[in-house]
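Read the structure below first, then the notes.
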Amino acid sequence: SQTIHQWPATLVQPVGSPLSLECTVEGTSNPNLYWYRQAAGRGLQLLFYSVGIGQISSEVPQNLSASRPQDRQFILSSKKLLLSDSGFYLCAWTASPSGTADTQYFGPGTRLTVL
Amino acid sequence: AQSVTQPDIHITVSEGASLELRCNYSYGATPYLFWYVQSPGQGLQLLLKYFSGDTLVQGIKGFEAEFKRSQSSFNLRKPSVHWSDAAEYFCAVGARTGANNLFFGTGTRLTVIP
């Protein structure tokens, strides 16, 4: 069966420090991968998605970047964190090719607090 | 453009009472529709989904939802709520093009009182 991992689970970082969040999927090949941010009391905002290695699409301009160095690995990064980057970050995957119906499955999330 | 509206930010129900969470969507074609549930500090778990066919879909934990095209709605229902159902509920619409992106509503927080 497929599983999705995220780490770390929680992170407290000072403003201006770098960030690296990692997401890995097991039990599937060539998934579509997604990064979402959930701010307190708000819904989920899609940040990035990837349909293959090295292929990254950004949905909103921001202080963050994403990379996909391996088929089942998705990394969210920042060179200098802002206070507004605080939130709950969720990684998700789906198995089907683009343009077909499928469910997104979510990881457990990373709680990021920028002080 | 796709969008989802969940008009109720917070709902409180008594244990054993029935529940209906509202969801309205905007999409230019027949959508894919989802309901997810999120417990505090956790990821999202899929409750149910609608892709095509029967407009009344059954999900896990005794939940069901009905797709009504004429009303652009996909309301979630449960006949008898349990205390463990207290959580945040998100409705989402999926695009039939592109990278299967989902567009989420802002969520409805459910409180269950004994």
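The values are calculated or read from the model by the stated rules, or taken from the named source; none is laboratory data. The structure presented is a predicted model; accordingly, all values stated were derived computationally and were not measured. We place every Cβ from the backbone using ideal geometry, glycine too, and count neighbours over all the protein chains shown. We work out accessible area using only protein heavy atoms, side chains counted, and drop any ligands, DNA or RNA first. Shrake-Rupley method; radii C 1.70, N 1.55, O 1.52, S 1.80 Å.
Observations
- Counting only DSSP beta bridges whose two residues both lie in the protein assembly as shown, roughly 90 percent are antiparallel.
- Over all other residues within a Cβ to Cβ distance under 9 Å of B:ARG77, the charged ones net out to -2, with Lys and Arg as +1 and Asp and Glu as -1.
- Among A:GLY43, A:GLY54, A:GLY87, the largest mean-square fluctuation in a Gaussian network model of chain A, built with springs joining Cα atoms closer than 10 Å, belongs to A:GLY43.
- Selected from A:LEU76, A:SER50, A:LEU33, residue furthest toward positive end of dipole (region A:1-106; charges at beta carbon): A:LEU76
- Sulfur and carbon atoms: percent of accessible area, the protein assembly as shown [1.4 Å]: 52
- Interface burial in region A:23-46, defined as at least 50 Å² less accessible area with all protein chains than with the chain alone at a 1.4 Å probe, covers A:LEU44.
- Farthest toward the positive end of the dipole of region B:11-114, out of B:VAL112, B:ASN75, B:TYR50, is the Cα of B:TYR50, where the dipole comes from beta carbon charges about the Cα centre.
- Accessible area buried between chains B and A, both sides summed, probe 1.4 Å, in Å² to nearest 100: 1700
- Computed about the Cα centre, the dipole magnitude for chain B is approximately 260 debye when only Lys and Arg (+1) and Asp and Glu (-1) carry charge, each at its Cβ.
- Choice from B:ALA17, B:ALA86, B:ALA29 showing the highest fluctuation, given a GNM over chain B with Cα pairs closer than 10 Å: B:ALA29
- Size of electric dipole in the protein assembly as shown: Cβ of Lys, Arg +1 and of Asp, Glu -1, about Cα centre, debye, nearest 20: 320
- Charge-dipole axis of chain B as Lys and Arg at +1 and Asp and Glu at -1 on Cβ define it, positive-most pick from B:LEU102, B:GLY59, B:GLN38: B:LEU102
- Under the Karplus curve 6.51 cos²θ - 1.76 cosθ + 1.60, θ = phi - 60°, whole-Hz ³J(HN,Hα) for region B:53-69, x wherever Gly or Pro sits: x, 3, 7, 9, 10, 9, x, 7, 6, x, 8, 9, 8, 10, 8, 10, 4
- Computed from the Cβ-Cβ distance with R0 of 25 Å, the FRET efficiency linking B:SER14 to B:ILE60 stands at 0.65.
- Counting DSSP beta bridges with both ends in chain A, the antiparallel % (nearest 5): 90
- Close amide H contacts of A:LEU47 (hydrogens built in the peptide plane, cut-off under 5 Å, sequence separation of 5 or more or a different chain): A:TRP35, A:TYR36, A:ARG37.
- Within the listed set B:LYS61, B:LYS78, B:LYS49, the residue fluctuating most in the Gaussian network model of chain B (springs between alpha-carbon atoms under 10 angstrom) is B:LYS61.
- Over region A:39-115, relative contact order from alpha-carbon pairs under 8 Å, at least 6 apart, %: 23
- With R₀ set to 45 Å, the beta-carbon distance separating A:GLU59 from B:SER80 gives a calculated FRET efficiency near 0.70.
- Note, ³J(HN,Hα) from phi for region A:68-80, Karplus 6.51, -1.76, 1.60, rounded to Hz, x at Gly and Pro: 9, x, 9, 4, 10, 10, 9, 10, 10, 9, 8, 7, 9
- Once the mean of 1/r is taken over each pair of separate Cα atoms and inverted, chain B shows a Kirkwood hydrodynamic radius of 14.2 Å.
- The distance between label points at A:GLN45 and B:LYS68 comes to 3.3 nm (points 7 Å beyond Cα on the Cα→Cβ vector).
- Under a model in which nothing but the beta-carbon of Lys, Arg (+1) and Asp, Glu (-1) is charged, chain A shows a dipole of about 300 debye around its Cα centre.
- Residues of the protein assembly as shown: accessible area per residue with a 1.4 Å probe, Å²: 46
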